[in-house]
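The values are calculated or read from the model by the stated rules, or taken from the named source; none is laboratory data. In this text the structure is predicted, and so the values were computed from the model without any measurement. A quick note on method: Cβ atoms are made from the backbone with ideal geometry, for glycine too, and the neighbour counts reach across all protein chains shown. The area values use the complete protein model at the heavy-atom level, side chains included, leaving out ligands, DNA and RNA. Shrake-Rupley method; radii C 1.70, N 1.55, O 1.52, S 1.80 Å.
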Amino acid sequence: MLACAFVGTGWWGSELARAAASLRGQVRIGGFYSLDEAACRKLSEQYGGTVFSSFDQVLSSSSVDAVVLATPHSQHAPQIIAAARAGKHVFCEKPLALDVASARQAAKVCEEGKRILAVGHNRRLMPGMRKIRELLPRMGRVLHVEAHYSGNLMMRLPAGHWRTRRAEMPAAGMAPMGLHLADAIQWLFGPIARVAAIVKRQAEWTNDADVDDTCAALFELASGPTGTLASHLATRTTVDMRLYGTQARLEARGDPVTITRFPATITLFPVEGKDETWTFEGDDSIAHELSAFADACAGRAPYPIAVDEAIRNVAVMQAIQASADAGGAWMGIQIG
């Protein structure tokens, strides 16, 4: 059984712990560490495990096999490197890092230390996303993709929250939201080859946030299709994807309340024949990815999201911001 220490105990860290607690026989909760000691104690009371006083204490603990990171984006790469050098396997919430060079370095240290590095791109593990992939042969040649994942949670965060700092939030909503769809697009159709983007700030913010709130990107896939990807921080929650094929159009919509479930509905609009709709309830993707992480650490099966795929997602995000900084110039995706 894999003993995991959870580092970061905010909303998503708590969701990861809840999912891990359901995996009896695979995962044991070894403890919690964050700057919020009260949150750590509350989670420890719920699920068991030690309340650690520092990240170093987590890494030095002989009772911890792996760390689960749900920390500020800029901390991911250095924490992965430190954990791998301490002999721990690592599950890291996406993004793997904020730039390709840092992501590559973290991956290299894990590989050299023979430690598993798993990245939490959970959306592709959802039943609805697997259904989209199943339906692709019915669409003919896919010509164009439209993807949009936006919300206004960041506007409601308190002043000083790490998610309100520009250094943690490149390309508006890409790191917390849009990256999920960038990963899904590349899982469905292969790598994005180039992007051109506009990133800017338009809304009035009341929490002193220093972030852009609008991101609109045009992209071209190496396999040919074109697409758009948008991720904004100052509008009602929207999660949807549309695929335009020669034989059918597909529309996938997320649940605006349970924002972690995407898609909640899929409708296929064929050129000939009747429209078909599928509805999906529940979301076991977080437990699924942690179970897969435990299997990978035990040598039973490889983790389903390859590290190079997670690095490519970082490269797409980095290229979107670079394009915006260059006035919308086309940028190739550089992963080396």
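Assorted remarks:
- Computed on the Cα atoms alone, the convex hull of region 53-121 gives a volume of 74 cubic angstrom per residue.
- Estimated translational D of region 166-274 in µm²/s (Stokes, Kirkwood radius over Cα pairs; 25 °C; 0.890 mPa s): 160 µm²/s
- Residues with amide H under 5 Å from that of T214, placed H, sequence gap 5 or more: K200, Q202, L233
- Using the alpha carbons alone, the radius of gyration of region 1-143 stands to its Kirkwood radius in an Rg to Rh ratio of 1.05.
- Residue by residue, region 322-336 carries 3J(HN,Hα) couplings of 4, 4, 4, 5, 9, x, x, 5, 5, 10, x, 7, 9, 10, x Hz when phi is fed to the Karplus relation 6.51 cos²θ - 1.76 cosθ + 1.60 (θ = phi - 60°); x denotes Gly or Pro.
- Surface/4 estimate of mean projected area, convex hull on alpha-carbon atoms of region 97-150, nm²: 6.2 nm²
- Average silhouette area of the chain, convex hull of alpha-carbon atoms, in square nanometres: 16.6 nm²
- Restricting attention to the chain, close to 60% of DSSP beta bridges with both partner residues there are antiparallel.
- When only alpha carbons are used to place a centre, region 59-131 and region 183-216 end up 23 Å from one another.
- Mean residue ellipticity, 222 nm, helices only, the chain: the sum of -39500 (n - 2.57) across DSSP H runs of n ≥ 4, divided by residue count and rounded to 500, is -9500 deg cm²/dmol.
- Length gained on full extension, E111 to A38, computed as 0.36 nm times the residue gap minus the Cα-Cα distance: 22.8 nm.
- Ellipsoid fit via the Cα gyration tensor, region 214-336: semi-axes of 26, 25, 17 Å, each the root of five times an eigenvalue, largest first.
- The phi-based Karplus calculation (6.51 cos²θ - 1.76 cosθ + 1.60; θ = phi - 60°) puts the 3J(HN,Hα) values of region 68-73 at 10, 9, 10, 10, x, 3 Hz, whole numbers, x for Gly and Pro.
- For region 102-210, the share of alpha carbon pairs falling in successive 5 Å distance bins from zero is 2, 8, 14, 18, 15, 15, 13, 9, 4, 1 percent.
- The chain, relative contact order in percent, only Cα pairs under 8 angstrom and at least six apart counted: 19 percent
- The 3J(HN,Hα) values that the Karplus relation (6.51, -1.76, 1.60; θ = phi - 60°) gives for region 35-48 are, in residue order, 6, 9, 4, 4, 5, 4, 5, 5, 5, 5, 5, 6, 10, x Hz. Gly and Pro appear as x.
- Relative contact order of region 258-336, taken over Cα pairs closer than 8 Å and 6 or more residues apart, is 16 percent.
- Bridging of K94 to lysines at a Cα separation below 18 Å is possible for K108, once same-chain residues fewer than 8 apart are set aside.
- Accessible surface of the chain, 1.4 Å probe, proportion on carbon and sulfur as whole %: 50 percent
- Cα-centre dipole for the chain with unit charges at Cβ (Lys and Arg positive, Asp and Glu negative), debye to 20: 420 debye
- For trypsin sites (Lys or Arg not before Pro), the sites in region 222-314 that DSSP calls loop and that have at most 11 other Cβ atoms within 10 Å are R236, K274, R300.
- Surface exposure of region 193-321, expressed per residue as accessible area with a 1.4 Å probe, stands at 44 Å².
- Hits among aspartates and glutamates - C-alpha to C-alpha of K88 under 18 Å, sequence gap 8 or more where chains match: D56, D65, E111, E112, E289, D295
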